[in-house]
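Below is one structure, written out as C-alpha cells, with a few remarks after it.
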Amino acid sequence: MRWLPVFKKEMRLYFGSPVAYVVFTFFLVISGWFFSQIFLFYSDASMRSFMQPQFGGQNLNVVDNVMRPLFTNMSVVLLFFIPMLTMRLFAEEKKSGTMELLLTYPVRDGEVLAGKYLAALTLYLILLGLTLLYPGLVAYFTRVEWGPIMTGYLGLILTGAVFLAVGVLISSLTENQIVAGFGTFGVLLAFWVIGWGAEFAGGATRTVLQYLSIGDHLEGFTRGLIDTKDLVYYVTGVALALFFTLRSLESKRWRG
Amino acid sequence: MIQVDNLTKRYGPVTAIHDVSFNVDKGRIVGFLGPNGAGKSTTMKILSCFMPASGGTARVAGFDVFSQSLEVRRRIGYLPENAPLYPDLSVAAYLDFVAEIKGVSRPARRGRVADVMERCFIGDMQNRLIGKLSKGYRQRVGLAQALLGDPEVLILDEPTIGLDPRQIAEIRALIRSLAGQHTVILSTHILPEVSMVCDGVVIINRGRIVAQGTESELVQQAFPTARIELRVAGAGAELAPAVGAIPGVVGVQPLAARDGGAGVLVEAARDRDVRPELVRLVTGKGWTLQELHPVGMSLEEVFIRAVAGEQESPEAVAAAVETEEAR
C-alpha cells in the first residue's frame, strides 16, 4: 500500500506549517470557553437545587447537563473549523502544480485519497483527544458515567468523519482553496439547517428532511444511544463523499 | 523505448499537437525542440501519464500510457515544467517522500536520497525548506526527484531553465552521463544544449513535427552544399568568376570588401573538398590569402528554417555571415 507516504507527507505539511497549531489553539479556546460557561451554570443550578429542593432538580446529572450541551456546541464549532483542515488537500496541489507530479508517481488514485483523508482524520482525532481534558476535569470534581461520554465522542468522531469527507470532495473539485473552504462550509451548513424545515413539512418530506439533517443524528449519541439508523447515515455519508472524490480524481485521467 | 504514433491532443477547439509520431531507442537522449507553445510540454504530459491524448497512442517501455498507466509510471522519472514542489517541506524530507512513494525500500532509501542529492549538487541544502531555495536549486531538486528510483525513462521538461552557466554545465554533464542505461527525452529551446547533450533531435512547431533525426543528418538535409568563406587581397573583381570556374563549386556570392581585400562565399558539393583548389588558385594568381574557412551550418539555422518554413536563399546566408562578422 502506497498510501503511507502520502499520509506522512500530509502530516508533515499540517505540522510543518501553522495550520495544525492555529486550528488546535482556537478550537480549544472556544470549546474551553463553552465548557467553563456550561460547567459554571451547572454548578450554580445544582447548588440552588440543593438549597431549595422543593423546586425539583434532584434529577440533575452532570453528563446530561454538561457534556451533552458541550458535544452539541463542539459540533457547531467543527462546522467552521473542519473546512479549514480539508480545503488545501487537493486544491493547493492543483494550484501549485504538484498534483502533476503526484499523479505521475506509481501510486493509485485511491491510495492518494486514502493518505490524504486519513491524515485529515488523524489530525481531527488528535484535536478531539485534546478535548478529553473537559470530561477529565468533570470526573475530577464529581462521579461521572463514562458510557454516554464515550458514545458522545463516537458521535463526534462520526460527524467529523462526514465533515472531512465532504471537505475532501469539494477540495478535489476546485483549485481555489477559498472556494474549497467556503463551498464545504456552505454544504455542511445546508445539511445542518435542513432539519429545521421538518417543523413545517408533513409526511414523507418531514421524515426525509429530518433524516438528512446532520445534527439530528448526533443527538442520540450524546444521550448514550447508538442507533443503527444514525450509524448508517454517517457511514454512507463518508463512503459516498469519498467515492465521488475518487471519481473526480479518476476523471482527470481520461478527461484531461 | 518510447514509441509515439499519431498522437493528437485537443483542448476544446485548440489543437495543441497534431499527428505527432516519433521513436526513441533505448539508452538514447533525444532533444525535443520547438518555440514556446509548440506542444513540447503537452507531449511530455501525455508521455508521463498525467493527461490523456485525444487520439493516437504512446507507449513507454512497451506499456501504453493510457491503459497501462501504472506500469508506465513505475518506469519513468518526470520533471514537469517549472519543477512544482512543496514549499513547506525540507529538501531531504521531500526526497524521502518521493523515494518512498516510488517504492524504494526503507533500508535503501537513505542512501538513494543522499546519492541523488550529491549527483544534483544539492547536498548542502538538504535541511532547507524548498520554499526558501533559489530557482536554480529548486530546479535541481526537481531533477533529483525524477532520478529517484532509478527509472528506465526520464522525461525532463526544460531541465536547465533558471540555472546559472556553471550549473547548466554540471546538469548537462549529469544528463549526458545517463545515456546508455537510461532513455531520456528532454525539451528545451536552447539550441546548443541539444548539440551538447542529445543523440537525436525532434523539432516540433505548432503541434506538428517538422524535422527529426541526428544533428548531422538534419544539417545535411537542410543544407545539401558546404559553404566556405574566402577573402583575398589584390584580386578585385576577378575573384568571383575565377572561383566559379573551379570544378565542384556550385555557387559564388560576393561579400562586402574588408581590410583592403575582396571576399566571396563559396558553395560547393559536399562530396568534394574544394579548399586545396582555392588555395592553388590564390597562390597561382599571386594574390594574398587573408581568410579561408568553412561556414558551419549549425542546428540553429536548421531550426530557424524548419520553424519559419522559409526557403533559405544564398543572399540570406551571405547576410548572416556578415552580421556574424560584424559582432
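Over 31 Å between Cα atoms, which of B:9/B:132; A:95/B:40; A:8/B:26 qualify?
Result: B:9/B:132; A:8/B:26 exceed 31 Å.
Shielding value for A:19-25 is 0, the average number of Cβ atoms from other chains within 10 Å of each residue's Cβ. Here the Karplus relation 6.51 cos²θ - 1.76 cosθ + 1.60, evaluated at θ = phi - 60°, turns the backbone of the stretch B:263-280 into coupling constants of x, 9, 9, 9, 9, 9, 4, 5, 7, 9, 8, 8, 4, x, 4, 5, 5, 4 Hz, with x for every Gly and Pro. Can you give the relative contact order of chain A as a percent, counting alpha carbon pairs under 8 Å and 6+ residues apart? Across chain A, relative contact order equals 26 percent. Span-like helix criteria (full DSSP H runs; alpha carbon extent of at least 30 Å along the helix axis; mean Kyte-Doolittle hydropathy of at least 1.6) are satisfied in chain A by A:146-171. If you take the Cα centroid of the stretch B:167-182 and the Cα centroid of the stretch A:94-132, the two points sit 35 Å apart. Under unit Cβ charges (Lys, Arg +1; Asp, Glu -1), what dipole magnitude, rounded to 20 debye, does chain B have relative to its Cα centre? Charge dipole, chain B, about its Cα centre: 1180 debye, nearest 20.
With a cut-off of 14 Å between beta carbons, the residues surrounding residue B:15 carry a summed charge of +3, where Lys and Arg count +1 and Asp and Glu -1.
Can you tell me the orientation of helix B:299-308 relative to chain B, as the angle in degrees between its alpha-carbon axis and the longest Cα principal axis, to the nearest 10? Value to nearest ten degrees: 80. The mean sequence distance of close C-alpha pairs (under 8 Å, at least 6 residues apart), as a share of the length of chain B, puts its relative contact order at 18 percent.
With a cut-off of 13 Å between beta carbons, the residues surrounding residue A:196 carry a summed charge of -1, where Lys and Arg count +1 and Asp and Glu -1. Between 0 and 90 degrees, the angle of helix B:91-101 with respect to the longest Cα principal axis of chain B falls at about 70 degrees. Here the stretch A:147-166 and the stretch B:41-56 have alpha carbon centers that stand 43 Å from each other.
Over the residues of the protein assembly as shown, the helix contribution to mean residue ellipticity at 222 nm works out to -17500 deg cm²/dmol, using -39500 (n - 2.57) for each DSSP H run of at least 4.
Applying a 10 Å radius around every beta-carbon, put B:17-28, A:165-176, B:192-203 in order of their mean neighbour count, most first.
Values: B:17-28: 17.8, A:165-176: 23.7, B:192-203: 20.5.
Going by the mean number of other Cβ atoms within 10 Å, highest first, we get A:165-176, B:192-203, B:17-28.
Extension gain, residue A:178 to residue A:122: 0.36 nm times the residue separation minus the Cα-Cα distance gives 17.9 nm. The stretch B:255-275 and the stretch A:183-256 have their alpha-carbon centroids 84 Å apart.
Running a GNM on chain A with Cα contacts under 10 Å, which residue among A:83, A:18, A:106 ends up with the highest mean-square fluctuation? Highest fluctuation among the options: A:106. Rounded to the nearest 10 degrees, the angle from helix B:106-119 to the longest Cα principal axis of chain B is 30 degrees. Which one of A:150, A:84, A:51 has the biggest mean-square fluctuation once chain A is modelled by GNM with Cα springs under 10 Å? Residue with maximal mean-square fluctuation among A:150, A:84, A:51: A:51. Taking Lys and Arg as +1 and Asp and Glu as -1, the other residues whose beta-carbon sits under 11 Å from that of residue A:63 total +1.
Peptide B:66-77 is shielded by partner chain Cβ atoms: per residue, an average of 2 of them sit within 10 Å of its Cβ.
Readers should treat all values here as calculations from the given coordinates under stated rules, not as data from a laboratory. As the structure is a prediction and not an experimental result, all values here were calculated from the model. Note that we place each Cβ from the backbone using ideal geometry, even for glycine, and neighbour counts take in every protein chain shown.
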